[in-house]
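Notes to accompany the following structure.
The values are calculated or read from the model by the stated rules, or taken from the named source; none is laboratory data. As the structure is a prediction and not an experimental result, all values here were calculated from the model. Neighbour counts run over all protein chains shown; Cβ positions are idealised from the backbone, glycine included. Just so you know, the surface numbers come from the protein's heavy atoms only, side chains and all, with ligands and any DNA or RNA stripped out. Shrake-Rupley method; radii C 1.70, N 1.55, O 1.52, S 1.80 Å.
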Amino acid sequence: MNSFRHAVLSAALTAGVFHAGSAFAAPDPVAVADRLVEMIAVSGSQASYESAVYNPANDVVTVLNFKISDGDGTGTFATVSVKGYDEDNTDGFGADDITATGFELVDDDAQVFISSMTVTGLSIPSLDVDPEDPKSWENVKYSSAEFANINAIPKGSVPITVASVKSTAIYTGDDGISGKGTLTIDDLSVPASFMENEAKTFMDASGYESLILDVSIDAAYDAAGQTLDLNKMTFDAQDMGVINFSANLGGMVDELLRDPEQIQGLMATATLRSASLSFANNSIFEKGLDFAAKMTGQDASQLKAQAPFVLGFALAQINNEAFTKMVTEAVTKFLDSPNSLSVTIAPENPVPVAQIAGAAMSSPQVVPDLLSVTVEANQ
């Protein structure tokens with residue numbers, strides 16, 4: 001599947017640096033296509049194409065039958081269209097946007113088909129980048145990216161499909177990292193027959209033919225303030241339930257985030273400002289309860305009745321009576337009417353992550369009060 005990774009990377013690379021203000025001149029379509037081939041070489045693959053044409057009506061260079069190979073397999077784009085090519089950008093690649101259609105990859109592991117890929121506003125000042133080294137990508141920026149109608153067929157298995165993957169980025173500083181970003185994945189469909197072991201057993205027993213999932217993420221980072229705000233992370237599983245998560249962190253040092261080798265150092269600097277986790281049930285709880293009952297040879301109503309007592313006993317070990325009472329009451333309320341459960345963390349002041357970890361190890365009873373934890377049901 002390396003060829004697929006390189007193909008996607010190369011499609012993104014060709015979106016190029018913003019071209020603004022350069023005098024218009026019709027680009028040489030063969031030169032543009034050759035530049036694409038040169039960029040593929042940066043990713044360690046080889047490329048070729050059938051032909052290239054330029055349409056002055058819309059300022060688009062279209063490259064036909066663009067092939068990418070790295071030895072494991074060959075990926076083919078029916079067309080690669082480059083709009084607004086910037087001939088002045090000789091170190092990187094400049095264009096308003098790039099759209100690739102009809103992608104097909106066949107290798108020893110799988111077949112992958114993608115209807116279209118579009119990247120806009122991608123700025124690559126230099127082709128001196130390493131796909132394996134995140135540091136070399138520090139100055140790469142983009143405005144939006146979209147992949148439509150993805151169909152992956154692992155060898156000897158069933159198709160996994162995705163209707164679309166979309167992302168956006170807004171940069172709020174000159175540091176190359178501060179800004180806001182979103183990611184949405186629509187209709188990720190994984191057939192139950194693709195799954196293994198307990199997951200497949202549960203899906204089959206519960207009558208689920210596929211896991212159909214929507215994902216939505218919204219986040220922002222401010223290097224000067226050292227804050228990372230995960231405003232929303234939502235996982236919506238059709239006919240199952242919805243999980244929402246958010247968190248606000250401080251002490252997120254720019255230099256540590258940029259370097260994978262130093263990222264563990266964030267444990268010493270990061271602080272937790274707030275967080276929330278919620279679950280909205282849409283039948284998966286009842287099906288999960290029935291499945292657990294069958295697996296243990298019990299009745300679902302018996303498991304339901306036992307749960308508050310088992311939970312209360314487990315929580316008693318941390319020796320925080322008020323917290324144990326709050327959680328047990330919330331869970332009991334949920335069991336009686338399984339609609340939703342939520343956990344909120346809202347300390348008065350940011351709490352160092354290292355302090356939380358230390359308290360959890362030595363004095364777990366203080367953690368709920370340290371973080372001002374609230375657990376509620378059916379709110």
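The figures follow:
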read-out: Exposure of Phe279 as accessible area (Å², to 10), given a probe of 1.4 Å and all protein chains; value: 60
read-out: Of the GluC sites (Glu not before Pro) in segment 152-235, those whose Cβ has at most 16 other Cβ within 10 Å and which sit in DSSP loop; value: Glu196, Glu209
read-out: Accessible area in the full protein assembly, largest first, 1.4 Å probe, for Ile212, Ile114; value: Ile212, Ile114
read-out: Extension gain from Glu38 to Lys200, taking 0.36 nm per residue of separation minus the Cα-Cα distance; value: 53.8 nm
read-out: Stokes-Einstein diffusion coefficient of segment 150-264, Kirkwood radius over Cα pairs, 10 °C, 1.306 mPa s, in µm²/s; value: 95
read-out: Solvent exposure ordering (accessible area, 1.4 Å, most first) of Arg273, Arg258; value: Arg273, Arg258
read-out: Solvent exposure of the chain as accessible area per residue, Å², 1.4 Å probe; value: 51
read-out: Ranked order, Met326, Met117, Met267 - accessible area, probe 1.4 Å, largest first; value: Met267, Met326, Met117
read-out: Loop sites in segment 128-193: trypsin sites (Lys or Arg not before Pro), DSSP, at most 11 other Cβ within 10 Å; value: Lys155
read-out: Along principal axes, Cα extents of segment 329-371, largest first, whole Å; value: 37, 21, 12
read-out: Probe 1.4 Å - accessible area at Thr161, Å² to nearest ten; value: 50
read-out: Zero-based 5 Å bins, Cα pair distances in segment 18-100, whole percents; value: 3, 16, 26, 26, 16, 8, 4, 1, 0
read-out: Given charges at beta-carbon only (K, R positive; D, E negative), |dipole| of the chain in Debye; value: 1100
read-out: Those lysines that a straight Cα-Cα span of less than 23 Å connects to Lys135, excepting residues fewer than 8 apart in one chain; value: Lys180
read-out: Highest-MSF residue in the chain out of Gly73, Gly297, Gly288 [GNM, Cα springs under 10 Å]; value: Gly297
read-out: Option label - Rg and Dmax of the Cα atoms in Å computed here, alternatives [x] 25.5, 77; [y] 23.0, 74; [z] 20.8, 65; value: [x]
read-out: Of the GluC sites (Glu not before Pro) in segment 319-379, those whose Cβ has at most 16 other Cβ within 10 Å and which sit in DSSP loop; value: Glu348
read-out: Over 25 Å between alpha carbons, listed pairs Lys155/Lys200; Lys294/Lys325; Lys304/Lys325; Lys287/Lys333; Lys200/Lys325; value: Lys294/Lys325; Lys200/Lys325
